[in-house]
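One structure is given here, and the rest of the page talks about it.
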Amino acid sequence: MSAILSIIFLSCNSQNKESKKDSMETKGTNAVYSRSDSAKINLADTEWRKLLPEDVYEIAREKGTERPFTGKYDKHKEVGTYYCAACGNPLFASNGKFESSCGWPSFFEPISKGSIVYAPDNAYGMKRTEVMCGRCKAHLGHVFEDGPPPSGLRYCINSVILDFEKAKDAEKEFKAENK
């Protein structure tokens, strides 16, 4: 019963605020955002608040969550790479994404071992494992042991904290095959 109440509380307490600035528009003003730099980032939350849109900040730094089935990447099926919206770190490849019907984008493995870091999360009376960006430690979501093979894991990630870049080679190949 307490698990059900916790889930209801989390869903009701979640915020899906419209950001004043879309994360795509703020990349240019975010001095730490880079898809090629792998240096660790350690900024105070006051600095992150200046760099990130409100919705990204709420998830990344305050460990918020978006309401289930509302994220732009929940049903997303394009081929490409998912990056941390706070710092640009590559997190997941689209071939690691699967349909879990949990309400958030789900992946069975990160793009590399160092792309994700883990921490115990016992908030709300639940035993979970939090997943964070390996570069900036932004909160991404949680990992559960009920995913598909080969890993058996389900990385349940908030869409707000993800950026996506379509695979250009795959797109060219697809268009060539379908002419």
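Only Cα pairs under 8 Å and at least 6 apart count here; give the relative contact order of segment 23-102 as a rounded whole percent. Walk me through the numbers on the way to the answer.
Working: 65 pairs, mean separation 26.1, N = 80.
Once divided by the residue count of segment 23-102, the mean separation gives 33 percent.
Take the cross-link list K63/K168; K50/K137; K63/K166 and give me the ones stretching past 24 Å between alpha-carbons.
The pairs that break the limit, which is 24 Å between Cα atoms, are K63/K168; K63/K166.
Residue by residue through segment 145-157, what is 3J(HN,Hα) from phi via Karplus (6.51 cos²θ - 1.76 cosθ + 1.60, θ = phi - 60°)? Round to whole Hz and write x for glycine and proline.
Per-residue couplings from phi come out as 9, 10, x, x, x, x, 8, x, 10, 10, 7, 9, 10 Hz.
Values quoted throughout were computed directly from the atomic coordinates according to the rules given, and no laboratory measurement underlies them. Remember, predicted model here, so these are calculated numbers, not experimental data.
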